[in-house]
């Protein structure tokens, strides 16, 4: 497993385990949703975002996930997960994802999650403070890694 933080895009490389496969012999669709959450958390931890959010008494919750499956992945495939924060709006933030097979650069899936910044005690949305936004640089318009 290898990770790389360069600019706005966070990259994490891993090998697909047998446990990710479904009865068709390729990665199960729900596994990609788990990978989206996992790589978002890794990204946040890598820039100190998790620590900042916890210190503010807040947390993130998912409002929506959207994912498009483009090609199958199989056990043993080396996959590069790319993620970046696309925008911040009052209490919401959109995060994008791409999953690419390392050996042939095949785009396996792409997705987006809308996250809501909430008060950890009340569960109510709150405005995303600058302490949080400044640790996630936004990509230039039109970025498609």
Segment residue 106-residue 65, extension gain: residue separation times 0.36 nm, minus the distance between their alpha carbons: 12.6 nm
Between helix 29-46 and the chain: long-axis angle, C-alpha atoms, 0 to 90°, nearest 10: 50
Extension reserve of the residue 24-residue 74 stretch, reckoned as 0.36 nm per residue once the Cα distance is removed: 17.0 nm
Efficiency of FRET between residue 119 and residue 89 - r from beta-carbon atoms, R0 25 angstrom, step 0.05: 0.90
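For the stretch 2-133, what is the convex hull volume of the alpha-carbon atoms per residue, in Å³?
Convex hull volume per residue, Cα atoms: 111 Å³.
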Ellipticity estimate at 222 nm from DSSP helix runs (n ≥ 4, -39,500 (n - 2.57)) divided over the chain, nearest 500: -6000 deg cm²/dmol
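No value in this document is a laboratory result; all are computed from the given coordinates. Source: prediction; values computed, not measured. Note that each Cβ is placed from the backbone with ideal geometry, even for glycine, and that neighbours are counted across all protein chains shown.
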